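Have a look at the structure below before the remarks.
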Amino acid sequence: MTASPGYLVFLIRMNEPHRVSQLQRLSAFGERKELDLLDLAEKSLTTIQDKYFRENGSTEGYRLRQAKSQGRTLFIQVNKGPHSVGGEAYETTTGTSVDVPTTTAMLNRMRGMLAIPKDSYYGLLFAERQGNRNLKEIIRGQALVPNAVFNNMTIHVDAFAESKDWQRLLKDQQALSLTEHLEIVDTTTDGSTARTPIKLVAEGPRVNSITNGVVGAITSRVQRRDALLDRMSAAADLEEKKVAHKSAFSVADQTELARQKKAIQDLRKSPELADEIRDQLRDAVPVHVDGSVHHKRFEVVTGQDRPERTFSVDRNSLPQFVYETSGVLSDAALFKTWVTHAEGILRARGVKIPADWAS
């Protein structure tokens, strides 16, 4: 089945190494708060424009064709595709074709956008999806990570979707299959440890019956992530006040900062599966295992008539959410869609968005 046109969203945040809760404002970081990640990203991309690169660990190559700034956004076009495999270029309207030698890379247009408002702890990367391909790793590797590392910062570019979007997606879905990943641990004759992975897969009414428990666990996971982001920005505000206005930083402020940090620590711990959900999962995979077999994780596939999403239920993670579009949008329509979406996400995180921020 052909993947529908759509895009992915990634949340950007930055902190000093080993100080995860102390976020940096992306438009004013560094020792003197004079660095702007959006400006640095644009400069980095401009230096590589029209040059050809091989993508790390891939059989594909790419060329940056455009990095256009508009307000606090950077709209990016990269031509990307198979590196020197040979074949033909086929003109679909005339039926003519041209043979392509193995020295020619076949590149097609892909688009992305950075959105980083002034004074925000959070920014966004939008990446158009074509099949399983997108520009996230290219933009991250060329424009974001190098600038963070050079300035002794740690940057995070994490898959993101709003809670309401997950709730809308899962509302009409059910659990279709359940896989339990196990591991047999044996001691060999030479005293070393041998580990053998096993997968147990279940489908049918038993699995369908765990839908509510699984959806509840996933929804709770998204809500915990949102709460964590809110706590981190609240702690960052207090840390900033502590540095900039020492005399105004009160005992009450210190108490509140400690409370926020404790909440961050608690939220970062992977939540244990509720006993009820764990029992439901065990009942859906009714296979007895002995003491040499160790549970690794449960994976649940959800969907309506066909599999659509796979969730590792034990782990504090979510699959990438795909925002589908009505078709392949023009540059102007895609830019407008992304700007509107960015405003909704960032305002929900408490970011102040001026009316002209993207113009």
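The values are calculated or read from the model by the stated rules, or taken from the named source; none is laboratory data. Worth saying up front: this structure is predicted, and the values here are computed from it rather than measured. Note that we place each Cβ from the backbone using ideal geometry, even for glycine, and neighbour counts take in every protein chain shown. When the accessible area is computed, the model is the full protein with side chains, heavy atoms only, and any ligands, DNA or RNA have been set aside. Shrake-Rupley method; radii C 1.70, N 1.55, O 1.52, S 1.80 Å.
Things to note:
- Cα gyration tensor shape for the stretch 237-359, rounded if a/c is under 1.5, else prolate or oblate: oblate
- The chain - percent of accessible surface contributed by carbon and sulfur, probe 1.4 Å: 49
- In the chain, the DSSP-assigned H stretches of four residues or longer account for a calculated mean residue ellipticity at 222 nm of -10000 deg cm²/dmol, using -39500 (n - 2.57) per stretch and the full residue count as denominator.
- For the stretch 168-259, the solvent-accessible area works out to 57 Å² per residue, with a probe of 1.4 Å and every protein chain left in place.
- Note on the chain: GNM, Cα springs under 10 Å; of Asp158, Asp36, Asp331, the largest mean-square fluctuation is that of Asp331.
- Label zone at Arg133 (point 7 Å along Cα-to-Cβ), backbone N below 15 Å, the stretch 73-113: 77-90, 104-112
- Computed over protein heavy atoms with a 1.4 Å probe, the accessible surface of the stretch 28-137 works out to 51 Å² per residue.
- Projecting label points 7 angstrom from Cα along Cα→Cβ for Gln320 and Thr94 puts them 3.6 nm apart.
- Total formal charge among the other residues, if their Cβ is under 12 angstrom from that of Phe335, Lys/Arg +1 and Asp/Glu -1: +1
- Volume per residue of the C-alpha convex hull in the stretch 1-122, rounded to whole Å³: 177
- Out-of-range pairs (alpha-carbon distance over 26 Å; input Lys43/Lys336; Lys80/Lys118; Lys136/Lys336; Lys80/Lys164; Lys164/Lys352; Lys118/Lys246): Lys80/Lys118; Lys80/Lys164
- Distance from the stretch 95-112 to the stretch 150-186 (C-alpha centre basis), Å: 35
- FRET efficiency, Asn108 to Thr47 (Cβ-Cβ, R0 25 Å, nearest 0.05): 0.60
- Residues in the stretch 277-359 average 56 Å² of solvent-accessible surface per residue, probe 1.4 Å, ligands and nucleic acids excluded.
- Relative contact order (%) - the chain, alpha-carbon pairs under 8 angstrom, separation at least six: 21
- Protection proxy ranking for 147-155, 246-254, using the average of other Cβ atoms within 10 Å per residue and placing the highest first: 147-155, 246-254.
- Cα gyration tensor shape of the stretch 150-270, rounded if a/c is under 1.5, else prolate or oblate by comparing a/b with b/c: oblate
- Where Glu180, Glu16, Glu240 fall by accessible area, highest first, once all protein chains stay in place (1.4 Å): Glu240, Glu16, Glu180
- FRET efficiency estimate (nearest 0.05) - Cβ-Cβ, Lys199 to Gln167, R0 25 angstrom: 0.25
- Dipole axis of the chain (+1 Lys, Arg; -1 Asp, Glu on Cβ), positive-most option in Leu200, Tyr62, Thr179: Tyr62
- Highest-fluctuation residue, Val243, Val301, Val214 considered, GNM on the chain with Cα pairs under 10 Å: Val243
- The charge dipole of the chain, taken about its Cα centre with unit charges on the Cβ of Lys, Arg, Asp and Glu (plus for the first two, minus for the last two), comes to roughly 980 debye.
- Remark: the Thr188-Asn208 segment gains 3.2 nm on full extension, using 0.36 nm per residue and subtracting the alpha carbon distance.
- Label positions at Val85 and Glu240, each projected 7 Å from the Cα along the C-beta direction, are separated by 4.7 nm.
- A 1.4 Å probe over all protein chains sorts Val313, Val201 by accessible area into Val201, Val313, starting with the largest.
- Candidate values [x] -0.26, -0.35, -0.68; [y] -0.30, -0.41, -0.80; [z] -0.35, -0.46, -0.78, label of the one derived for log10 I(q)/I(0) by the Debye sum over Cα atoms at q = 0.06, 0.07, 0.10 Å⁻¹: [y]
- Arg129 - accessible surface, heavy atoms, 1.4 Å probe, Å² rounded to 10: 50
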